[in-house]
Amino acid sequence: MKVGLVYDPIYLKHDTGEHVENASRLEAIISHLEESGLKKQLTPIKPRAASVEELSLVHTKQHISHIQDVAKRGGGWLDADTVMSPDSYEVALYAAGGAIVATEAVMEGKVNSAFAPVRPPGHHAMGFCLFNNIAIAAEHALIKYKLERVLIIDFDVHHGNGTQEIFYDRPEVMYISTHEYPFYPGTGGVGETGRGAAKGTTVNIPLPAGCGDNEYLSVFEQIIIPAAKKFKPQLVLVSAGYDAHWADELALMQLSVSGFREMARVIRGLADELCEGRLLFALEGGYNLSALAASVKATLDVLLGNPSTDDLLGQSPHRAAAPEIDRLLTAIKEIHALT
């Protein structure tokens, strides 16, 4: 089983200072993969810079120029959550380009699946993000390989409002998001289901705080699996955010490393069944370094077919009673006609 890894030290040059989305996230991931010996099992994929034309598949020229201009002026704050350094524009080109080349490697059979720990992340395109890496990869795949159906699964704790907006009226892309709600950015209600011919191809699963492994696996079993099978994708892309881990202080979810492992197992099973295993994970959030590194490794173990390793962080020591989500899942199943 060949699993690609897109990585380059250039991703560390997006200097955000003391911001929680900083270079130490990738340093922790790569260090853990090296120390565990897992990195040797992966097939390296060299990223390249995305072109302005490729960025323009999903972004306006004005947005692209604005990011470039801020970098030329030495960086600065784009909004209350998003900061740039002088190198951030170039790094963001390589983040988008990394997602593109990983998708190409998967589509052309050079690897069975791939993981792209790139930064800056992308599913907001603002809110820690500059360009929407996974959306650019999806659009590139639709055009280059003449695909008719691409599935994006987003399990970051925050709703990917950028991805939703880009594909909200595009029936060839199904966007499925699990996220803490109500929470930043405030979008992702169950009634947001797509527009026009794309009605039903946006599937939002807004979860209450406190959801853990059991609740997330119920979501996968009752919503994500039947929705994916109904859609029949030719490629599966994942916005992989690990900030729903119980140790992550930016949210109030209770997932464990074992929970992320099981979610990855379900997603890999869907890709194997529906699209010959064509699957790409691209990094989004995750800000507790130990939880992030362990969760990425667990995901890669699943892709490689390795035996499960112990979850050294374990379950949350602060877990209260699990929230009730049955009525929510029933409502989503009714909205999307899932059985």
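A count restricted to the range 250-293 and to residues that are over 21 Å from MET1 (Cα atoms) and part of a helix (DSSP H, G or I) stands at 8. Being of a type in the set (Lys, Arg) and either within 16 Å of SER218 (Cα to Cα) or not in a loop (DSSP other than H, G, I, E, B) (or both) is the filter here; which residues of the range 300-339 pass it? Within the range 300-339, ARG327, LYS333 meet the criteria. Filtering the range 147-172 to residues that are of a type outside the set (A, V, I, L, M, F, W, C), assigned to a loop (DSSP other than H, G, I, E, B) and surrounded by fewer than 24 Cβ atoms within 10 Å (Cβ to Cβ) leaves GLU148, ARG149, TYR168, ASP169, ARG170, PRO171, GLU172.
For every residue, the table says whether it meets (1) closer than 30 Å to ALA23 by Cβ; (2) of a type outside the set (Asp, Glu).
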{"site": "SER177", "(1), (2)": "yes, yes"}
{"site": "PHE183", "(1), (2)": "yes, yes"}
{"site": "ALA209", "(1), (2)": "yes, yes"}
{"site": "TYR216", "(1), (2)": "yes, yes"}
{"site": "GLN222", "(1), (2)": "no, yes"}
{"site": "ASP248", "(1), (2)": "yes, no"}
{"site": "GLY285", "(1), (2)": "yes, yes"}
{"site": "ASN288", "(1), (2)": "yes, yes"}
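A single entry from LYS230, LYS199 fulfils the requirement of being free of Cβ contacts under 8 Å to residues at least 12 places away in the same chain and of a type outside the set (Gly, Ala, Ser): LYS199. Given the criterion surrounded by 24 or more Cβ atoms within 10 Å (Cβ to Cβ) and at pLDDT 95 or above, identify the matching residue among VAL302, VAL296. One residue alone meets the criteria, VAL296.
Could you tell me whether the range 5-17 includes any residue that is under 18 Å from ALA298 (Cα atoms) and out of contact with any helix residue (DSSP H, G or I) (no Cβ under 6 Å at 6 or more places or on another chain)? Looking through the range 5-17, at least one residue is under 18 Å from ALA298 (Cα atoms) and out of contact with any helix residue (DSSP H, G or I) (no Cβ under 6 Å at 6 or more places or on another chain).
May I ask you to list the residues in the range 19-57 that are among the β-branched types (Val, Ile, Thr) and within 17 Å of SER290 (Cα to Cα)?
Across the range 19-57, the qualifying residues are VAL20, ILE29, ILE30.
Mind listing just one residue for me: the one in the range 260-290 that is in contact with a His (Cβ under 8 Å, 6 or more places away or on another chain) and buried (at least 24 other Cβ atoms within 10 Å of the Cβ) and, of those, nearest to ILE223 (Cα to Cα)?
PHE260
Among the helices (runs of 4 or more DSSP H) confined to the range 1-79, the ones with at least 3 residues that are over 20 Å from the mean Cα position of the chain (by Cα) are located at 24-36, 61-72. Inspect the range 37-47 for any residue being among the small types (Gly, Ala, Ser) and either in contact (Cβ under 8 Å) with a residue 12 or more places away in the chain or within 21 Å of ASN161 (Cβ to Cβ) (or both) and give the result as yes or no. So far as the range 37-47 goes, no, none of its residues is among the small types (Gly, Ala, Ser) and either in contact (Cβ under 8 Å) with a residue 12 or more places away in the chain or within 21 Å of ASN161 (Cβ to Cβ) (or both). Scanning the range 143-176 for residues that are in contact (Cβ under 8 Å) with a residue 60 or more places away in the chain and under 16 Å from the mean Cα position of the chain (by Cα) gives VAL150, LEU151, ILE152, ILE153, ASP154, PHE155, ASP156, VAL157, HIS158, GLY160, THR163, ILE166. Inside the range 96-110, residues that are in contact (Cβ under 8 Å) with a residue 60 or more places away in the chain and crowded, with 24+ Cβ neighbours inside 10 Å make up a count of 5.
The values are calculated or read from the model by the stated rules, or taken from the named source; none is laboratory data. Predicted model only: the values in this text are computed from it and were never measured. Cβ coordinates were reconstructed from backbone atoms using ideal geometry, including for glycine residues, and neighbour counts include every protein chain displayed.
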